[in-house]
1. Residue farthest toward the positive end of the dipole of the chain, with Cβ of Lys/Arg at +1 and Asp/Glu at -1: which of Leu22, Ala174, Leu149?
2. Show me, for the range 151-161, the HN-Hα J-couplings you get by feeding each phi into the Karplus relation (A = 6.51, B = -1.76, C = 1.60, θ = phi - 60°), rounded to Hz, glycine and proline as x.
3. Output ³J(HN,Hα) for the range 66-76: one whole-Hz value per residue in order, computed from phi by the Karplus curve 6.51 cos²θ - 1.76 cosθ + 1.60 with θ = phi - 60°, and x for Gly and Pro.
4. By a straight-distance test (C-alpha under 18 Å), which aspartates and glutamates pair with Lys142 as possible cross-link partners, with residues fewer than eight away in the same chain excluded?
5. Could you pull out every residue, at least 5 positions away or on a different chain, whose amide H is within less than 5 Å of the one on Val136? Hs are placed 1.01 Å off N in the peptide plane, and Pro or chain starts have none.
6. Enumerate by residue number the chymotrypsin sites (Phe, Trp or Tyr not before Pro) in the range 119-187 meeting two conditions: DSSP loop (anything except H, G, I, E, B), and at most 14 other Cβ atoms within 10 Å of the site's Cβ.
7. Stokes-Einstein at 25 °C, 0.890 mPa s, Kirkwood radius from Cα pairs: D for the range 1-59 in µm² s⁻¹?
8. Full-extension gain between Val18 and Gln143, please, as 0.36 nm times their residue separation minus the C-alpha to C-alpha distance.
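Derivation of every value follows stated rules applied to the coordinates shown; laboratory data play no part. These numbers come from a predicted model, not from an experiment. Cβ coordinates were reconstructed from backbone atoms using ideal geometry, including for glycine residues, and neighbour counts include every protein chain displayed.
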Amino acid sequence: MRPKEEVIDAVKATLAYVEQYLPEDEPLREARQRGIDVGATPIGAAGGAALRFLAAAISARTVVEIGSGCGVSGIWLLRGMRSDGVLTSVDVEPENQRLAREAYAAAGFPTSRARMIAGRALDVLPRLTDGAYDMVFCDAVKQEYPDYLGEAVRLLRPGGVVAFDNALWHDRVADPANRDSDTVAIRNLGRMVRDDDRLVPLLLPIGDGLLVAVKSR
């Protein structure tokens, strides 16, 4: 049996390899740095690549993003969406949205490809149309994740995909001793997604964890 420390090092090396498998280009790197500078931690490269893959797999034309990450997640999503697709990005911070717009432009997307809505997600989402979206990506207030799920299921068409970043929350979710409010909310979300008969779920151990589910047809 391999020593525990050796196993841990091997796992870390594997996860680092996965994270670096699809390197980010200049528009993504610049958007990521701007996000870090203003304290809006964007989704990691592997998670972003997963979003692009999912959007491409379902030929997404309409996507809702909760939390802009200053443009990182939006670029990944737009690159996977159809060429006529429109990203609806919701963020409570106008500055984050301004930076996201700059990031989309730097990545070569026309302004018509993104609809930016400023406001608290739980105030904005109820105004969006039932069953009108192919994908919903959530990366905002962790304690609101369970509420985002209900809105996402309503917004998605049958066969649509919902995705939540930070589903492992810095390795805290797997340890039942961690009972802070963010961890508990994400843990509860995982149970809700797993137990919802309307959803086909999968928890991906990439980045800080990506919880995805398909709405049953």
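1. Toward the positive end, the furthest listed residue is Leu149.
2. Along the range 151-161, the couplings run 5, 5, 4, 5, 6, 6, 6, x, x, x, 10 Hz.
3. So the Karplus estimates, Gly and Pro as x, are 9, x, 7, x, 6, x, 5, 5, x, 4, 4 Hz.
4. Partners found: Glu65, Asp91, Glu93, Asp123, Glu151, Asp165, Asp171, Asp175, Asp180, Asp182, Asp208.
5. Val64, Val161, Val162, Ala163
6. Working: sites: Tyr133, Phe137, Tyr148, Phe164, Trp169; in loops: Trp169.
Listed in order of number, the matching sites amount to none.
7. Working: Rh = 13.5 Å.
The Stokes-Einstein estimate is 182 µm²/s.
8. On the way: separation 125, 0.36 × 125 = 45.00 nm, distance 2.82 nm.
So the chain would gain 42.2 nm between Val18 and Gln143.
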